[in-house]
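Novice: One structure follows; several queries about it will come next.
The values are calculated or read from the model by the stated rules, or taken from the named source; none is laboratory data. The structure displayed is predicted, hence computed values, not measured ones. Positions of Cβ are backbone-derived with ideal geometry, glycine not excepted, and every protein chain shown enters the neighbour counts. For accessibility, only protein heavy atoms count, side chains too; no ligands or nucleic acids. Shrake-Rupley method; radii C 1.70, N 1.55, O 1.52, S 1.80 Å.
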Amino acid sequence: MRIGLLTEGGYPYAVGESGVWCERLVRGLGQHRFDLYAVGRPSAAGASLPLPPNARLVRAADPEGASGNLLERAALGTARAARRAYGRRDRRRFTEAYERLATGLCAEEAEGTGGARGVSTAGAGGSGAADVGEPGGAAAFAEGLYALAELARERGGLPGALRSDDAVRALEAACRAPGARRGAAAAGLPDHLAFAEHLEGVLRPLSLDWYEEDALGAADLCHAAAGGTTALPGLLAGHFFGTPLLVTEYGVQLRAHYLSAAGADRSAPLRTLLAALHGRLAAEVYRQAALLTPGNAHTRRWQERCGADRDRVRTVHPGMAADRFDGVGEDEESGDPATLVWVGRAEPAKDLVALLHAFDEIRTRQPDARLRIVTVPVRDPGAEPYLAQCRALAAQLFPDEAAGAHAVGENPVSFEELGGPEAPTLEDTYASGAVVVLSSVVEGFPAGLVEAMFCARATVSTDVGAVVEIIGGTGLVVPPRNPRALADACLALLRDPERRYRLGAAARARALELFTVEQNLAAFRGIYLELLSHAPVRHRPGDGALFAHPAEAHVPGSWTPRAVTAGTGAPDA
């Protein structure tokens, strides 16, 4: 089978956890051929990954700018060049298509109806938009999107046209039309210009040279490693060639857009338009995909809320390598019985402040308890100030303790960095404690929790994201932002070793059953065959008629005639 694998943010694979998953998928399903299509800025980490024999990089493009080789700068053009390139008829085609798309974006939603039901964007900066997919608006958006894709494929010059005066005027008219969103109606010229620039970047995949018979047209199946812009080429391959689209999401791009702090300085009308754009695109991807495979029930609920048909959604948990944790998981006696361990990125969403206040309560009731905070190195400039704030709070809550007047004090809370001398590896870190703690207020699929389960560690977690789905009944779950409940749960496990061991063993058994690489590969092996079996037959030039040469005609035996027509492989009549 020939798979067109659409990845984001890397070359040839995606970076981070998504990149690890892509590499394991390609190497684990060696019977299939993978054609890689990388959407995103190439990274040095991704470029160093060697490709297995069954994979090849076919195309790569950077949506944020013209990439050097495969996305030609001349194909993008400028607004003035686009006006020259388009004749009167093509210019009218563009205007009509853009008006439909803009009308679909700006259309007010009827709550509880149609595609994306009730996805609020008020948390994305207070825009106040309600749903992201009412039938009329969603249909108009889709019609405009595909019309623009057809124009780009036939005539080119679309990026420049999207920045043209015609586009800005059409957007302004849609924002002020009767029935438009109230937030969009308040948009001014600066908002229209900023949105037109953002829209051109989002729709950059429409202008790629990927929609040919020797590119995505030759794929039996398109598999997108994320939704949104990453899945857009697969959406167009389905439109042009009828290629089935499989979308795997381990984190929801729409949710990430709503929670992103990058647009905090944007005006409310602009945030309304951007939320509508990403919501409409997500809803169209979910509507057209042959199958959606979210990594957890939390992501699945987002997809269904955005209009995905439940019959076309199937949860496939991400596969993680478990063998590196075998030594720790099979050693029940490892770990200091009075030590709590926290591992993750130092950021406000992890709520280390609540964890430190909970540990203050724990120390009051069990003075020998210790807390190890092991941070994963990140390049986010906002991480260091937050970590410094947490260090200062720990120093205030827990002054250095000394056994005597002439001894050097030691703090019961230690801040360490993964890979350093105190915490060289993840398995060593988890092995050092008796209980692993997760104190987050926002989570998707916390991989660190699964790693702790592989290590047979009892866990105390806050009820966010996919935590309950991961833990099942093998750990303690408490409400977020509740230091007292977090302290009570930790103390319950610290004071009961038998219960701690029992929960740890159950956690390891559950993780080995649900979250290994093997189960993930087995699931996609079956999904690929299932999707191809339901896809319509497509004849390619030179393929000939299907089943014209029965398999038994090539097997020697009494059932085959002795004379075979030369050059055809078919028995004589």
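Novice: Looking at the stretch 197-210, which of its residues are under 26 Å from Ala237 (Cβ atoms) and either among the hydrophobic types (A, V, I, L, M, F, W, C) or surrounded by fewer than 19 Cβ atoms within 10 Å (Cβ to Cβ) (or both)?
Specialist: Hits for the stretch 197-210 are His198, Leu199, Gly201, Val202, Leu203, Leu206, Leu208, Asp209, Trp210.
Novice: Examine the stretch 182-194 for a residue that is open to solvent by less than 20 Å² (accessible area, probe 1.4 Å), of a type outside the set (A, V, I, L, M), touching a Phe, Trp or Tyr at 6+ places or on another chain (Cβ under 7 Å) and modelled with pLDDT of 90 or more, and state whether such a residue exists.
Specialist: no
Novice: So which residues in the stretch 392-421 are modelled with pLDDT of 85 or more and among the charged types (D, E, K, R)?
Specialist: Within the stretch 392-421, Glu416, Glu417 meet the criteria.
Novice: Condition first: closer than 27 Å to Leu101 by Cβ, in contact with a strand residue (DSSP E or B) (Cβ under 8 Å, 6 or more places away or on another chain) and open to solvent by 60 Å² or more (accessible area, probe 1.4 Å). Now tell me which residues in the stretch 257-301 satisfy that.
Specialist: Gln288
Novice: Which residues, counting only those in the stretch 410-426, are hydrophobic (A, V, I, L, M, F, W, C) and open to solvent by less than 20 Å² (accessible area, probe 1.4 Å)?
Specialist: If the condition is that a residue be hydrophobic (A, V, I, L, M, F, W, C) and open to solvent by less than 20 Å² (accessible area, probe 1.4 Å), then Val413, Ala423 are the ones that fit.
Novice: Checking Ala170 against (1) of a type outside the set (D, E, K, R); (2) open to solvent by less than 20 Å² (accessible area, probe 1.4 Å); (3) under 30 Å from the mean Cα position of the chain (by Cα): exactly one of these is not met. Which one?
Specialist: Every condition holds for Ala170 apart from (3).
Novice: In the stretch 6-26, which residues are at pLDDT 85 or above and open to solvent by 10 Å² or more (accessible area, probe 1.4 Å)? Quick ask: steps written out before the conclusion?
Specialist: Of all residues in the stretch 6-26, those at pLDDT 85 or above come to 6-7, 21-26.
Across the stretch 6-26, the qualifying residues are Trp21, Glu23, Arg24.
Novice: Within the stretch 148-167, can you find the residues that are assigned to a helix (DSSP H, G or I) and either open to solvent by 20 Å² or more (accessible area, probe 1.4 Å) or basic (Lys, Arg) (or both)?
Specialist: Hits for the stretch 148-167 are Glu150, Arg153, Glu154, Arg155, Asp165, Asp166.
Novice: A further question on this structure: Could you tell me which of the residues Glu333, Glu384 is in a loop (DSSP other than H, G, I, E, B) and not polar (S, T, N, Q)?
Specialist: Working: Glu384 fails: in a loop (DSSP other than H, G, I, E, B).
Every option except Glu333 fails the conditions.
Novice: For the stretch 466-496, enumerate the residues that are within 19 Å of Ala297 (Cα to Cα), part of a helix (DSSP H, G or I) and open to solvent by 10 Å² or more (accessible area, probe 1.4 Å).
Specialist: Val468, Glu469
Novice: Which members of the stretch 449-463 meet the condition of being in a helix (DSSP H, G or I) and farther than 18 Å from Ala358 by Cβ?
Specialist: Applying the first criterion (in a helix (DSSP H, G or I)) to the stretch 449-463 yields 449-454.
Once the filter is applied, which keeps residues that are in a helix (DSSP H, G or I) and farther than 18 Å from Ala358 by Cβ, the stretch 449-463 yields Val450, Glu451, Met453, Phe454.
Novice: Filter the stretch 168-194 for residues that are in a helix (DSSP H, G or I) and touching an Asp or Glu at 6+ places or on another chain (Cβ under 6 Å); which is farthest from Arg91 (Cα to Cα)?
Specialist: Among them, the one singled out is His192.
Novice: For the stretch 340-354, how many residues meet the condition of being among the β-branched types (Val, Ile, Thr) and open to solvent by 10 Å² or more (accessible area, probe 1.4 Å)?
Specialist: 2
Novice: Shifting gears a bit: Given the structure, is Leu29 within 28 Å of Glu304 (Cα to Cα), modelled with pLDDT of 90 or more and not basic (Lys, Arg)?
Specialist: No; evaluated as a whole, the condition is false for this residue.
Novice: I would also like to ask the following. Determine if the stretch 242-256 includes at least one residue that is open to solvent by 30 Å² or more (accessible area, probe 1.4 Å) and over 22 Å from Glu8 (Cβ atoms).
Specialist: There is at least one residue in the stretch 242-256 that is open to solvent by 30 Å² or more (accessible area, probe 1.4 Å) and over 22 Å from Glu8 (Cβ atoms).
Novice: Considering only the stretch 364-379, I want to know if a residue exists there that is without any contact (Cβ under 8 Å) to a residue 24 or more places away in the chain, within 30 Å of Ala282 (Cβ to Cβ) and in contact with an Asp or Glu (Cβ under 7 Å, 6 or more places away or on another chain).
Specialist: No: the stretch 364-379 contains no residue that is without any contact (Cβ under 8 Å) to a residue 24 or more places away in the chain, within 30 Å of Ala282 (Cβ to Cβ) and in contact with an Asp or Glu (Cβ under 7 Å, 6 or more places away or on another chain).
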